[in-house]
Each structure stands twice: as C-alpha cells, then as structure tokens.
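What follows is calculated from the coordinates using simple rules that are stated; it is not laboratory data. This is a predicted model, so every value here is computed, not measured. Here the Cβ is made from the backbone with ideal geometry for all residues, glycine too, and neighbour counts use every protein chain on show.
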Amino acid sequence: MDNLEEGLYNELKNDTTLANKVKDGSIYNIYPLVVPENTSFTKAITYQEITQSLSYPSARTSIFQINCIADTYDEALDLSRDINRIFYDKHEFKLGNIQAVKWTQFYGRTAIKDWDMKKFIYIVEIAIKY
C-alpha cells in the first residue's frame, strides 16, 4: 500500500469518529468512486481523484472529491464536517501513514439530493499536494 488513494482510505477509516458513523458491523462504508450496487447503508463515504497537476520537478497536486452520503441533509453535513476536521490545513504529514503530503487545502463544497438513491450527498473537494 503506497498510493494516495489507499492513504486517503486509511486516513478516513482510521479516524474513529468518522469510522463509527459509516461502519455497519465489520464493514466500513468507505469506497472509491461509488457505493457498490445492492449495498444497504444509512451513511457512506465515496472518494475519487478528479484532477491532477504536476509542478516541476516532482511535486504533484491532486484534487479529490469526497462524497458524504446519508439519509438526511443534516447527517450528510455532519459527515462533511468530519472530513473538514480530518483534513483542514494539514502540513507535512503522512496520509494514512503511507504517502508523504506537503499540505491539504479545501476547494469547494456543495450539497445535492439523489432522488434515485433517496440520499443526500454533501460533496467536499480537497487539494492534496505531495
């Protein structure tokens, strides 16, 4: 495990406050891209890299979209506040004890309702420079 996505997953899963909110039994509802089809859940987190830029000679910045999904708007907002707490203005750390990161920064936030899924989604975008 040495990539940014695995580090991001571990950072989310290792935060006990967030993990307890999205855990069903022994399964953490934290997924890359989408929640798997036919998964029953009340709260979940999905994440994906949406863009990346390279700064010469070797520094990179990746923008990740983190979706906080829940039955109600307030629950989705609460999950987004956990994301904020975990990643807000961090400098010189290891993401999930894997990837060395220079800093994190928030890019955007928005909320939507997915009528098919019958869930609220609070979307958080963060930049990770490594």
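Summary table below
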quantity: Summed residue charge, Cβ within 13 Å of Leu12's Cβ, Lys/Arg positive, Asp/Glu negative; calculated: 0
quantity: About the Cα centre, charge dipole magnitude for the chain (Lys/Arg +1, Asp/Glu -1 at Cβ), debye; calculated: 260 debye
quantity: Net charge of Cβ neighbours under 11 Å - reference Ser55; Lys, Arg +1; Asp, Glu -1; calculated: +3
quantity: In the chain, lysine pairs with alpha-carbon atoms under 13 angstrom apart (chain gap of 8 or more, or interchain); calculated: 11
quantity: Length released on extending from Asn38 to Trp103, taking residue separation times 0.36 nm less the Cα-Cα span; calculated: 19.8 nm
quantity: Per DSSP, loop GluC sites (Glu not before Pro) in region 1-82 with at most 13 further Cβ within 10 Å; calculated: Glu37
quantity: Packing rank of 121-129, 62-70, 84-92, where each peptide gets the mean count of other beta carbons within 10 Å, highest leading; calculated: 62-70, 121-129, 84-92
quantity: Pairs of alpha carbons in the chain whose separation is greater than 27 Å (percent); calculated: 16 percent
quantity: Charge tally in the Cβ shell below 14 Å around Lys102, where Lys, Arg are +1 and Asp, Glu are -1, Lys102 excluded; calculated: +2
quantity: Of Ile66, Tyr56, Asn29, farthest towards positive along the dipole that unit charges on Lys, Arg, Asp, Glu beta carbons give the chain; calculated: Tyr56
quantity: The chain: relative contact order in percent, alpha carbon pairs under 8 Å with at least 6 residues between; calculated: 25 percent
quantity: For region 98-119 and region 31-93, distance of Cα centres in Å; calculated: 4 Å
quantity: Nearest-20 debye value, region 31-100 charge dipole, Cβ charges on Lys, Arg, Asp, Glu; calculated: 340 debye
quantity: Charge dipole magnitude, Cβ of K and R +1, D and E -1 - region 63-130, Cα centre, debye nearest 20; calculated: 300 debye
